[in-house]
Amino acid sequence: MLGSKILCLANQIPHLTNVRRHYRRVVVTGIGLISPLGIGVQKSWTNLVSGESGVRKVKNLDGYPDDIPCRIAAYIPDIDECLADTFTKNQLRTYSRSSLYTLIAVREALHSSGWSGPKDEQEAQRCGVAIGTGMVNFEDVIEAGDRLRQNGYSRVSPHFITKILLNIPAGFVSMELGFRGPNHTVSTACTTGAHAVGDAANFIRLNHADIMLAGGVESPIHPLSLASFCRIRALCTRHNDQPERASRPFDRDRCGFVMGESAAILMLEELQHARARQAQIFGEILGYGLSADAHHVTAPSEDGRGARHSMLNALNNAQIDANKIGHINCHATSTPLGDQIELMAIKQLFEQTLKSLIITSTKGSTGHLLGASGSAEAIFTLLACYHGQIPPTLNLDNPIDDEVRIARNECLEWNDDQRIALTNSFGFGGTNATLAISNYIQC
């Protein structure tokens, strides 16, 4: 009798279908973010919806050739001062910037969650970490190589290896907080942050954990990384004198992405665990989709099938119909090929509901945050659902498509009672991920 009542109730709730009856629900109870729009979630979100840009002229090019075509990047403002005020001199010397960035975002996520950490060994075993990064910090590698060549073996730092291992940011978080559950690292290029959040949600859904800190971090800005991305014609090189105009997703005059840095962390929690401690709930992770283009190491499949399958798999995983989606935070990086292909995939999958769908690319404001982009945009998508506001796509003066409704240069209101959105991330190697996110509906 009780089982029949639960089944009947589930069928009455739009997003609580088959997958909800078999898997535990995952909600977001804490968020932490440092981005080119500011240090902290509130500053980043306020500047995003206000149409601010985080793109600036590149610093510290002294000693490098002046023929690097791209001279702009999206830096976290005032980050050096923040690091100096937050960490000891020993930590600044022995931790990578990625680890330091991660710890700042994690501490904000924990603070916003109102949770003080595991109270005993049993609870610690139910708390985990899933944090990834796309690349190591180039400066660490170059500095270690220079020391070895110029000063010999004894001058190589014993901390070099732990600076460049991709799982160390997650490890430091686990050690600082005493989390003894899953300790997981993802490195899937620009899809890293989304994969980390999706994998973490699955750990909770499958009862491997009750709480997961999940997301991505990237500290990639260096003359060598700028030069390398320029060599594959990926970066914008036309707006060195007007950095704020450079990142222009979906615009006819787009010419490449702007490299950015960030750390973005979500605290995911099993619903009943969150309810038991009366946590504030920012939203819910409804579904997670993955796919591969199996096409080219850097270019997406031209028929859009990889992006389309990723979104479709997220919808199927969440057991929701395409007509329930009101918003998509797109991967669109401001590259000529990628933006067009993602739009094609959206038009194919949402053909019947294009008029009610609003899309955006927040990379117009932040630049491309590489391994952190998926989790930063998951936070932006979550806040769009929470506040009922869809952030603008900056610099969208001449859209490449007039059939899809794109939030242009200003924030749009989203007044539906239940707000469900997708956020896309696609990476080199043809790896794709989509998260389905909604505001929290108590039931």
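The values are calculated or read from the model by the stated rules, or taken from the named source; none is laboratory data. From a predicted model like this one, the values you see are computed outputs, not experimental measurements. FYI the Cβ positions are ideal-geometry reconstructions off the backbone, even for glycines, and counts take in every protein chain you see. Heads up: the accessible areas ignore ligands, DNA and RNA and are worked out on the full protein's heavy atoms, side chains in. Shrake-Rupley method; radii C 1.70, N 1.55, O 1.52, S 1.80 Å.
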Calc'd 3J(HN,Hα), segment 33-40, phi into Karplus 6.51 cos²θ - 1.76 cosθ + 1.60 (θ = phi - 60°), Hz, glycine/Pro = x, comes to 8, 10, 8, x, 8, x, 8, x
Counting only DSSP beta bridges fully inside the chain, the antiparallel percentage to nearest 5 is 65
Answer in debye to the nearest 20: the dipole magnitude of segment 63-176 about its Cα centre, from +1 Lys/Arg and -1 Asp/Glu charges placed on Cβ, is 340
One computes Rg over Rh for segment 291-408 from alpha-carbon atoms, with the Kirkwood Rh, and obtains 0.93
Per DSSP, the loop-located trypsin sites (Lys or Arg not before Pro) within segment 265-325 having at most 16 other beta carbons within 10 Å are 277
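Calculate the all-directions average of the projected area of segment 348-443's alpha-carbon convex hull, and give it in nm².
7.3
By Kyte-Doolittle mean hydropathy of at least -0.5 and Cα axial length of at least 20 Å, which whole DSSP H helices of the chain are selected?
Working: long enough: 97-113 (24 Å, 0.16); 336-349 (21 Å, 0.30); 373-387 (21 Å, 0.81).
Those that clear 20 Å and a mean of -0.5 are 97-113, 336-349, 373-387.
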For residue 347, the aspartates and glutamates lying under 16 Å Cα to Cα, once residues fewer than eight places off in the same chain are dropped, come out as 302, 303, 321, 339, 401, 402, 403
Share of accessible surface on carbon and sulfur in the chain, whole %, 1.4 Å probe and ligands ignored, is 48
Any trypsin sites (Lys or Arg not before Pro) in segment 61-122 that lie in a DSSP loop and have at most 12 other Cβ atoms within 10 Å would be 119
Projected convex hull area of segment 94-196, Cα atoms, direction-averaged, in nm², equals 7.5
CD proxy, 222 nm, the chain: helix-only mean residue ellipticity via -39,500 (n - 2.57) per DSSP H run with n ≥ 4, per residue, nearest 500, stands at -11000 deg cm²/dmol
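Give me the accessible area per residue for the chain, probe 1.4 Å, as a whole number in Å².
Working: 18270 Å² over 443 residues.
Accessible area per residue: 41 Å².
Which of the GluC sites (Glu not before Pro) across segment 285-381 are loop residues per DSSP, with 16 or fewer other Cβ within 10 Å?
Taking segment 285-381 and a limit of 16 other Cβ atoms within 10 Å, the loop GluC sites (Glu not before Pro) found are 302, 351.
State the extension gain, in nm to one decimal, for the chain segment bounded by residue 337 and residue 89, taking 0.36 nm per residue of separation less the distance between their alpha-carbons.
Numbers: separation 248, 0.36 × 248 = 89.28 nm, distance 4.46 nm.
Contour length minus Cα-Cα distance gives 84.8 nm.
Let me spell out the model: positive unit charges on the Cβ of Lys and Arg, negative unit charges on the Cβ of Asp and Glu, origin at the Cα centre of the chain. What dipole size does that give, in debye rounded to 20?
On the way: 40 positive and 44 negative charges, 150 e Å.
Computed charge dipole of the chain: roughly 720 debye.
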